[in-house]
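The values are calculated or read from the model by the stated rules, or taken from the named source; none is laboratory data. Remember, predicted model here, so these are calculated numbers, not experimental data. We place every Cβ from the backbone using ideal geometry, glycine too, and count neighbours over all the protein chains shown.
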Amino acid sequence: MQHKKNTFISLPAGVGVRRYGVSVKYFTGAAEQPNKRADYEAVIDLEEHELGWLLRLDKQQVFFNRHEPDTISERFGAAVSSSLYPVETVINGWGRQVTGIINHAAILKRWQANRQQLLDKYEGAVMDDFVKAADKKMQNSSLIQQAMNYDLYWNLFFHPKYMAYTEKLMQPVDLYLSVIPYKAPVRFSGMQRIIPQITSYGAIGVKFVSEEQGALAELLPENMKDTPCFMKVTVDFDLDREHHFAMHTRALLEVYEKEGKYTENLVRKIQFTMYQL
């Protein structure tokens with residue numbers, strides 16, 4: 001039986017500039033406080049383009065564990081980030097990329113300046129290896145696109161929310177999340193639905209709930225590598241009523257072991273929060 005489709009299209013003119021606070025927290029077990037976190041501001045500027053919409057994304061005010069980068073690895077990461085951003089691409093009216101990264105020359109120029117500052121300040125094999133690896137990526141725009149795909153914010157922002165849903169406002173879909181640093185995003189299959197009622201703060205909701213699947217060994221502590229564990233993801237997207245553009249996003253990855261039929265013991269949790277400022 002064919003289901004009637006409900007087409008949910010986004011991005012009319014007038015979206016303009018949006019600023020978001022972003023927080024990624026990593027928890028061990030059932031701990032209430034994260035063992036590490038990253039916080040930053042994301043700024044999106046959207047302009048009309050002959051192929052759709054020119055999207056410019058910038059990352060600002062980056063903090064690790066609530067302080068400015070201070071270790072060598074954190075400062076190196078900050079130098080790479082400040083070279084990559086702002087990053088530009090073109091998206092269509094469904095919010096999906098139709099080009100790769102289009103400001104490669106500007107990124108490369110920023111990296112050359114930041115690279116020299118690092119080499120002037122730090123010496124040693126570790127820094128040389130860092131710089132050599134970054135040089136390889138910065139020279140190739142397709143590798144920069146890959147680096148973007150390894151970012152949780154990028155994963156969630158470009159996850160398809162605008163599509164043809166069934167008459168029940170639901171649709172099976174895959175969501176890809178980079179839950180392991182520097183590795184390709186993991187596929188989570190699940191069900192996505194629209195919540196058409198407008199919230200008190202003027203948003204339309206889109207909710208994704210994944211199926212349960214086996215946990216990846218990289219997400220387990222050493223003493224649990226041989227323990228059968230599972231993982232699942234839930235994501236709530238809030239889109240503004242006027243433009244159907246991202247307002248808030250809340251994503252939760254849970255890794256757990258089962259104790260009996262109904263009890264789940266948390267092993268690890270990753271919590272992503274994006275809210276419009």
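Data overview
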quantity	calculated
GLU32 vs. criteria of a type in the set (Asp, Glu), at negative phi, modelled with pLDDT of 90 or more and more than 20 Å from the chain's Cα centre (by Cα)	yes
The range 223-272: number of residues that are modelled with pLDDT under 90, part of a loop (DSSP other than H, G, I, E, B) and surrounded by fewer than 16 Cβ atoms within 10 Å (Cβ to Cβ)	7
Leading residue by the ranking (nearest to SER210 (Cα to Cα)) among those in the range 167-197 that are within 13 Å of the chain's Cα centre (by Cα) and either surrounded by 15 or more Cβ atoms within 10 Å (Cβ to Cβ) or acidic (Asp, Glu) (or both)	LEU175
Helices (runs of 4 or more DSSP H) fully within the range 122-162 counting 2 or more residues that are farther than 16 Å from SER73 by Cα and more than 17 Å from the chain's Cα centre (by Cα)	125-138, 141-149
Candidate set from the range 81-105 (those that are at pLDDT 90 or above and hydrophobic (A, V, I, L, M, F, W, C)); member that is farthest from LEU143 (Cα to Cα)	ILE91
Residue within the range 135-153 that is farther than 30 Å from GLU257 by Cβ, of a type in the set (A, V, I, L, M, F, W, C) and free of Cβ contacts under 8 Å to residues at least 60 places away in the same chain present	yes
Criterion: surrounded by fewer than 18 Cβ atoms within 10 Å (Cβ to Cβ) and part of a loop (DSSP other than H, G, I, E, B) - qualifying residue of GLU47, GLU41, GLU74, GLU32	GLU32
Flag for VAL62 being part of a strand (DSSP E or B), modelled with pLDDT of 95 or more and within 17 Å of the chain's Cα centre (by Cα)	no
Residue in the range 120-138 that is under 30 Å from ARG193 (Cβ atoms) and of a type in the set (Lys, Arg) present	no
Within the range 163-184, tally of residues that are part of a strand (DSSP E or B) and among the small types (Gly, Ala, Ser)	1
Test result for VAL80, surrounded by 17 or more Cβ atoms within 10 Å (Cβ to Cβ), in a strand (DSSP E or B) and among the aliphatic types (A, V, I, L, M)	no
All positions within the range 185-219 that are in contact with an Asp or Glu (Cβ under 9 Å, 6 or more places away or on another chain), at pLDDT below 95 and not in a strand (DSSP E or B)	THR199, TYR201, GLY202
Test: residue in the range 84-106 that is of a type in the set (Ser, Thr, Tyr), crowded, with 16+ Cβ neighbours inside 10 Å and part of a helix (DSSP H, G or I)	no
